[in-house]
Amino acid sequence: MMIQAIKATNVLLPLLYGLAFVLYALYFNTRQSELGKWASKLLLGGIVVHLVYLVTKGIYFQYFPITNSFESFSMIAFDTAVIYYIIERLNKEGKTGLFFLAIVFLFQVVSSMFIENNGIHSGLLANPMFGIHTFFTLLGLSSLAISAVYGLMYWMLAKEIKAHRFGAIYEGLPSLEMLEGMGRVGSLAGLVTLGLGIFLGHLWAYKILGYFFKADPKIVISDIAWISYAVGWLIVWRRGLSGLRLSRWAFWGFILFFMAIMVVNILGNTFHSFT
Amino acid sequence: MQNNQIVHIGYSHKNASVAVRDAVSLSPDVALAFIEAGVNNPASAIQEMAVITTCNRTEFYFVSNRPEILKDWLFSEYQLRHHLDLSQTDAVPLILFNEDAVDHLFAVAGGLESMVLGENQILSQVKSSYDLILSSGYQFPLLNRLFQEAIRAGKSVRTNTALCQGAVSISLAAVELARKIYSSFEKRKILLVGAGETNELVAIHFKAIGATQFIVANRGVEKRQKLAEKYAAKAISLDHLEDALLEADVVIVATGSQHYLIDFALMQRVIKLRNHRSLLMVDISSPRNVDPAVSKLDEIFLYDIDHLKNVIAENLEKRRGEIPHAKELIATVNKDYSTWLKSLDVVPTISKLAGYFNQIRQQELEKFVNKTEDREFEHLEQLSKSIVKKLLHYPILNLREMANGQKLDMSKINTIWEIFRLFELEERNKEDKTN
């Protein structure tokens, strides 16, 4: 019965996110506030269903459901949806939903298509501490990605305004100040949750392996990236930086971090791989 | 009542010069005096009356059973009150009847008839006219409902179409641009370089969206202080422009200077000192007062008058594209009003028709009062009622269906009244009541 519900929800989730994406796209194009309200309600519905799905799966299989790539994809979709929804509600601005729901939808579609709900996983990953560490790390990465996307949007809109072009981007996106504010919330959420994820990772390593830090490329890169973000935030906050430069930093900073992780994963010899 | 028609007589930018428009324009008090004069004078045959008066139009809406005399009455009122002989002007008033008049009012409320397509102010002016009807103390059921529906049509057009969106004046276009950069203006500093009419208009629009902090930079002391006082702004001379540029979030330049007041080197310096904070600069001057090279700096969004004119042209084009949609919405409201109006018409007609048939029935029955026994008379009475009921069944049913299906107009109703001489019946009933 429970497994049937898990499988059914696995199909339902992309449908919900897909529909929310369509409504956000219509809202972006027509700017009819009713569409925005419905899109937001549908997204909230999707998040609730997703949460039930993850909890049900965790209870049924007795592990935190982030033990393989496709489960992680679903968690990234969930995290992105949650962070975006919080940003949207805080700023009462839903015109950027289209871009994030596209990401959420894609990740969930791939996850739903290839996930195997058979409960097979490494015993090491059944530890709840691993789950919480991974959950916060993915939440942090999703938040930083959202912040980077806001940086990109700022950049694009600023370019349009400078070039005196008044197309779909100019018409559809909110003001530069709003985009910057939303990006700041994303990066701050990312900094906090990624920091928590990394810290829990070190703590878990200490408990299992007996040392707090290991000179593993993936860990080193993550730690450096987080410290860079934290220093960057401090500089921005102290010097009151804003505008185009900040948006470029948010975008390129994340791209650099992402590329470094990719390179380390592909070329580096890391112990920090469980799949 | 059945001959009543809704009549529009009006002057606007479409049929009258600005001189005529100025001359026929009425203040609310005078408009009310016109209404009182109209409805209190039986010779004018005006049952209901409303006036819309703005800088671009003065329009009169009447409900009257003698529409042919309204123009002369209106001209005589202008002659009497304004000493204005409208027959001597070259402007011919626009006169519309019934559905055309209704359609016109809805289009006016929707902004379709405005000089600047989709202008927003007109809806509040229609609301003012409606308030004037309410405050007059007269019972104007047809116009009351008509103006309510016009306001609904105006709101519907504004909510469901983009007809009234996008700036269509230079000063509003500047404000609209600023709104794409900043989401709120309470803490934003607006630097106005120049203290002329253009910058005053800009200040009005910025104030309307919440801006409270203004700096006025101008060569002339008197002018800059006058404008600064109006907006609680800081007044500075052009010598302190660089300091003001460090603080400002939006700069509007509108002076008569023949050379650049702000050049690339100045802005390069300023941007560094501003920690590369974004800055919107709108140069409305002709010739330009801001060196176009300034736009090479990443953080500066520079617009000149030609850019703004393009914005306006694009917005007007978009508005024009919304006209069919706006007309569809207006047609829907018009249909609702017509249905209501026709349902009003058909009820008294049915009642009069039934009254007419029953009168004949009773007249004929009376011939048998003393000629038949009571029981037989009762049978005759029942028979006559049954016949009348059957005779009236289809006419009444069809009248109702025609009214609901929008197939009934005033001319058809009038024909029914004329065929059955219902006007005479109504007059007789009135006389009976009086006696």
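The values are calculated or read from the model by the stated rules, or taken from the named source; none is laboratory data. Keep in mind that this is a model prediction, so the values were computed, not measured. No Cβ is skipped: glycine too gets one built from the backbone with ideal geometry, and neighbour counts run over all protein chains shown. Side chains included, ligands, DNA and RNA excluded: accessible areas come from the protein's heavy atoms. Shrake-Rupley method; radii C 1.70, N 1.55, O 1.52, S 1.80 Å.
Worth pointing out:
- Every residue from the range B:184-207 that is in contact with a strand residue (DSSP E or B) (Cβ under 8 Å, 6 or more places away or on another chain), without any contact (Cβ under 8 Å) to a residue 40 or more places away in the chain and open to solvent by less than 20 Å² (accessible area, probe 1.4 Å): B:A195, B:A203
- Residues being of a type in the set (S, T, N, Q) and either in a loop (DSSP other than H, G, I, E, B) or in contact (Cβ under 8 Å) with a residue 12 or more places away in the chain (or both) - total across the range A:10-45: 4
- Any chance A:I169 is more than 17 Å from A:F100 (Cα to Cα), of a type in the set (A, V, I, L, M), open to solvent by 30 Å² or more (accessible area, probe 1.4 Å) and touching a Leu at 6+ places or on another chain (Cβ under 7 Å): no
- Filter pass, A:V55 being free of Cβ contacts under 8 Å to residues at least 24 places away in the same chain and either on the phi < 0 side of the Ramachandran plot or not basic (K, R) (or both): yes
- Against the numbered list (1) among the aliphatic types (A, V, I, L, M); (2) surrounded by 17 or more Cβ atoms within 10 Å (Cβ to Cβ); (3) touching a residue at least 24 places away in the same chain (Cβ under 8 Å), B:A235 comes up short only at (3).
- Among the residues of the range B:42-98, the one identified as among the aromatic types (F, W, Y) and more than 23 Å from B:P28 (Cα to Cα) is B:F97.
- As a summary of the residue check, A:V236 satisfies the conditions (1) within 14 Å of another protein chain (Cβ to nearest Cβ); (2) exposed (fewer than 15 other Cβ atoms within 10 Å of the Cβ) except for the one numbered (2).
- Top-ranked residue of the range B:94-133 - restricted to ones that are touching a Gly at 6+ places or on another chain (Cβ under 6 Å) and in a loop (DSSP other than H, G, I, E, B), ranked as surrounded by the most Cβ atoms within 10 Å (Cβ to Cβ): B:G118
- A:F251 touching a Leu at 6+ places or on another chain (Cβ under 9 Å), open to solvent by less than 30 Å² (accessible area, probe 1.4 Å), more than 11 Å from chain B (Cβ to nearest Cβ) and not β-branched (V, I, T): no
- Subset of the range A:62-96 that is among the hydrophobic types (A, V, I, L, M, F, W, C) and without any contact (Cβ under 8 Å) to a residue 60 or more places away in the chain - its residue that is least open to solvent (accessible area, probe 1.4 Å): A:F78
- Some residue of the range B:218-225 being outside any strand (DSSP E or B) and under 27 Å from A:R165 (Cβ atoms): no
- For the range B:296-350, the set of residues classified as open to solvent by 70 Å² or more (accessible area, probe 1.4 Å) and more than 22 Å from the chain's Cα centre (by Cα) consists of B:K296, B:D306, B:K309, B:N310, B:E314, B:V347, listed by residue number.
- Condition met for B:L177 (over 30 Å from B:F106 (Cα atoms) and among the hydrophobic types (A, V, I, L, M, F, W, C)): yes
- Residues located in the range B:218-249, provided they are of a type in the set (D, E) and under 20 Å from B:L302 (Cα atoms): B:E242, B:D243, B:E247, B:D249
- The residue that is nearest to A:W249 (Cα to Cα), counting only those in the range A:135-165 that are open to solvent by 30 Å² or more (accessible area, probe 1.4 Å) and within 14 Å of another protein chain (Cβ to nearest Cβ), is A:W155.
- Criterion: modelled with pLDDT of 95 or more, within 20 Å of B:D304 (Cβ to Cβ) and more than 14 Å from chain A (Cβ to nearest Cβ) - qualifying residue of B:I215, B:I190, B:I151, B:I170: B:I190
- Annotation for the range A:137-147: no member residue is in contact (Cβ under 8 Å) with a residue 40 or more places away in the chain, outside any helix (DSSP H, G or I) and among the aliphatic types (A, V, I, L, M).
- A:L98 vs. criteria outside any loop (DSSP other than H, G, I, E, B), outside the structural domain of A:A189 (by TED's automatic domain parsing) and more than 21 Å from A:I6 (Cβ to Cβ): yes
- Wholly enclosed helices (runs of 4 or more DSSP H) of the range B:240-324 bearing at least 2 residues within 17 Å of B:L192 (Cβ to Cβ) and either modelled with pLDDT of 95 or more or within 14 Å of another protein chain (Cβ to nearest Cβ) (or both): B:241-247, B:305-321
- Test: residue in the range B:166-182 that is farther than 24 Å from A:R165 by Cβ and open to solvent by 40 Å² or more (accessible area, probe 1.4 Å): no
- Check on B:A162, within 14 Å of another protein chain (Cβ to nearest Cβ) and either surrounded by 19 or more Cβ atoms within 10 Å (Cβ to Cβ) or of a type in the set (A, V, I, L, M, F, W, C) (or both): yes
- Pairs are defined by a Cβ separation below 6 Å, a sequence spacing of at least 6 or placement on different chains, a first member in the range B:53-74 that is over 29 Å from B:L117 (Cβ atoms), and a second member that is part of a loop (DSSP other than H, G, I, E, B) and open to solvent by 10 Å² or more (accessible area, probe 1.4 Å); the pairs so defined are B:V63/B:N4; B:S64/B:A45; B:N65/B:N3; B:N65/B:N4; B:N65/B:A45; B:R66/B:A45.
- Unmet criterion (only one of (1) at pLDDT 90 or above; (2) among the hydroxyl-bearing types (S, T, Y); (3) not in a helix (DSSP H, G or I)) for B:T372: (1)
- Taken over the range A:172-191, the criterion of being closer than 20 Å to A:I103 by Cα, open to solvent by less than 20 Å² (accessible area, probe 1.4 Å) and among the hydrophobic types (A, V, I, L, M, F, W, C) is satisfied by A:L173, A:L179, A:M182.
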